[in-house]
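Remarks on the structure that follows.
Read-outs throughout are calculated quantities, based only on the coordinates presented, and are distinct from any laboratory measurement. Note that the structure is predicted; figures quoted are calculated from it, not measured. Please note: Cβ atoms are built from the backbone with ideal geometry, for glycine as well, and neighbour counts cover all protein chains shown.
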Amino acid sequence: MKKLTGAFIVLMSLFLGTSMIEAETGNQLIIINKGTNQLAFFENGKHVATFRVATGRSQSYTPEGTFQIVNKIKNRPYYKENIPGGHPNNPLGDRWLGLDARGTYGTTYAIHGNSNPASIGTYASAGCVRMFDDDVRWLFDRVDLYATVVITNTSQSFEAIAVSKNYTPYSKLKSVSVDQKSPQPLQTNIVVSAKANLKSTYRFLVQDGGEWKTVQDFSTSSSFTWKPEKAGSYKIKVQAKSTSSDKAFDDEKVITYDVYTPASIETFDSEKEGPLPNHSEIAFSTTTNSDTENLVQYSLYNGSEWTVLKDYSDEGLYNWKPENAGTYKIRTRVKHSLSQQDFDEEQELEYTIFEPATLTSLNADVTSPQPIHSSIIVKAESKDDSTNLFKFQVFEKGSWNTVQEYSTKSSLNWNPNKAGDYQVKVLVKHTLSKEDFDSEKVVDFTIYEPATVGDLTTNVKGIQLVKSKVELSATKAEDVEYQFSVFDGNDWKVLQSYSTSHELEWSPSSPGIYKVKIEVKHNLSVDEYDDLREVSYIFYNSTMNQAVLPSSVQVGRRGPFLVKKTAI
């Protein structure tokens, strides 16, 4: 029977015009799970590889059961559409592993390549098992002729399927993991876990630079908890073997793990204490338990969110220059250079930053000059009066004198009692400011003493002839101007406008009752006059009946008379 089979294979090979490769059968097993569309390759008890595949468009298309690979063909033509072997459009790819399924002998059902990579992982074939071309080439070179192939549809693992088919694989570690990613600080509880392809026992060993030490011998427990006491670079080894293995162990994996001493803050200082004005340069310094191994980060909290000012670095210094006023927190965080934590330790300092007071105006309710004893209100305005203090000073006699100490009052009621040139200064500072002042402004004021008429003399008085010369003189004073006017019974007429002349000569042109007025004012005065006085005169013609006096005027003598020049 075997001779007939061999002859048939040779005949088919010649008929197809393709090459066939024979190999001795080894301890190999291929499992195809239609439920996951995956193919597993076992060799010498180990699960060597897993591949994605495509199977039948319908569940019945791809046969289930245990089969053998009965031929291995490179570049098999696709006869149905007369496509040559190895052609890019050949749906069989360039490798064919024929199966003795459903009464065929490797001619109908096979594991092969494809011309449509997108179909891999789906249900797309007419019954064969498709693989990516690179995957099937690898398998073609590795698998032996007559190797066993199991096709099934199950939720079992490949290892469980292999055991159910009396194939006893050796344990193969699928993974070794830790619940805390390396590196970690010392005294951390680290759970090391292992997974194998089948039911196994496990042994755990640790090396800290010297020899290996068993920390947990072979048992069914697939994990152990490790709590390193010293910083350093470690190796952790896990060995696994199946419960039926005759080896010391079937497989092992080694992982490296670093353990460090966490960073801690020894000092966190600032060269300046708050509160401080904005734009101040503030230097911060952080020292740790190991400045050569640790990193330092600085962050700022503005009342709503944290912002990193300087990211982690090996430099513990930072200079902060706040732009805006507010209450802030400056935070330093430190961590070891190996740490994967956000930080190992942190501390905070709180700072109040204020905007220094700025004067926007300084005005008085009256303009300079002003007479002595004037009530002058000097008003200051700043950028934010509610947070500022005001101080007022007056410069006189060569020095500044404080007339109103720092307070929230932004105005001064000033009553100068001496004439002179003054300066009124306001100094303003924020209520949190430690400076003498943040800003200042000065307003100049000239204060004068209002003019007075003083002594007034005239050469005549009482009743006089018309055209008598009247000489009127006021006391002359410095910086004083004089104006003379006359009232003729109807209205006032200016005889001599304001000037520095303090004397008047005047002769009336007609008889009558007159008043002569002298007005004086300081040359800085903006008033109409500072002081005034009036003198009354009666003038008549030479005939008596022309001098009619009102009953209110009492005359002690008759006829013309002269009056000596006397003071009035």
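The table below lists the values:
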quantity: Cross-link partners of residue 321 among aspartates and glutamates (Cα-Cα below 15 Å; sequence separation of 8 or more within a chain); calculated: 271, 273, 281, 350, 355
quantity: Spatial separation of Cα centroids for the stretch 48-74 and the stretch 356-384, in angstrom; calculated: 101
quantity: Backbone HN-Hα couplings from phi across the stretch 269-280 [Karplus 6.51/-1.76/1.60, Hz, Gly and Pro as x]; calculated: 10, 10, 6, 10, 9, x, x, 9, x, 4, 6, 6
quantity: In nm, spacing of pseudo-spin labels at residue 400 and residue 492 (7 Å Cα→C-beta vector); calculated: 4.6
quantity: Estimated FRET transfer efficiency (residue 178, residue 431; beta-carbon r; R0 45 Å; 0.05); calculated: 0.20
quantity: Extension gain, residue 81 back to residue 507 (0.36 nm per residue minus Cα-Cα distance, nm); calculated: 138.5 nm
quantity: In nm, spacing of pseudo-spin labels at residue 254 and residue 164 (7 Å Cα→C-beta vector); calculated: 3.9
quantity: Amide hydrogen neighbours beyond the local backbone of residue 198, cut-off 5 Å, H modeled; calculated: 172
quantity: Cα gyration tensor of the chain - equivalent ellipsoid semi-axes, whole Å, descending; calculated: 126, 34, 15
quantity: Charge sum, other residues only, whose C-beta stays under 12 Å from residue 280's C-beta, Lys/Arg counted +1 and Asp/Glu -1; calculated: -3
quantity: Amide hydrogen neighbours beyond the local backbone of residue 521, cut-off 5 Å, H modeled; calculated: 481, 530
quantity: Using θ = phi - 60° and Karplus 6.51 cos²θ - 1.76 cosθ + 1.60, couplings along the stretch 481-486 (whole Hz; Gly, Pro as x); calculated: 10, 10, 9, 10, 9, 10
quantity: Extended-chain gain in nm, criterion 0.36 nm per residue less alpha-carbon gap, residue 375 and residue 280; calculated: 30.1 nm
quantity: Fraction of beta bridges assigned by DSSP in the chain that are antiparallel (%, nearest 5); calculated: 90
quantity: Net charge of Cβ neighbours under 12 Å - reference residue 39; Lys, Arg +1; Asp, Glu -1; calculated: +2
quantity: On Cα atoms only, tilt of 2-16 relative to the major axis of the chain in degrees; calculated: 50
quantity: Net charge, residue 384 excluded, C-beta distance under 15 Å - Lys, Arg +1, Asp, Glu -1; calculated: -2
quantity: Length added when fully stretched, residue 244-residue 541, from 0.36 nm per residue minus Cα-Cα; calculated: 90.6 nm
quantity: Computed FRET value (nearest 0.05) for residue 421 with residue 358, which takes r as the C-beta separation and R₀ as 25 Å; calculated: 0.35
quantity: Computed FRET value (nearest 0.05) for residue 528 with residue 409, which takes r as the C-beta separation and R₀ as 30 Å; calculated: 0.30
quantity: Listed residue pairs exceeding 24 Å between alpha carbons, taken from 418/521; 72/247; 397/441; calculated: 72/247
quantity: Greater than 21 Å apart at Cα, pairs in 195/230; 195/241; 181/241; calculated: 195/230; 181/241
quantity: HN-Hα J in Hz across the stretch 326-337 - Karplus 6.51, -1.76, 1.60, θ = phi - 60°, x for Gly and Pro; calculated: x, 9, 10, 10, 9, 10, 10, 10, 10, 7, 5, 4
quantity: Set 469/515; 272/383; 227/335 screened for pairs whose C-alpha atoms are more than 23 Å apart; calculated: 272/383
quantity: For the stretch 173-260: relative contact order, % (alpha-carbon pairs under 8 angstrom, 6 or more apart); calculated: 33
quantity: Long-range Cα-Cα pairs in the stretch 280-360 (distance over 18 Å), rounded percent; calculated: 44
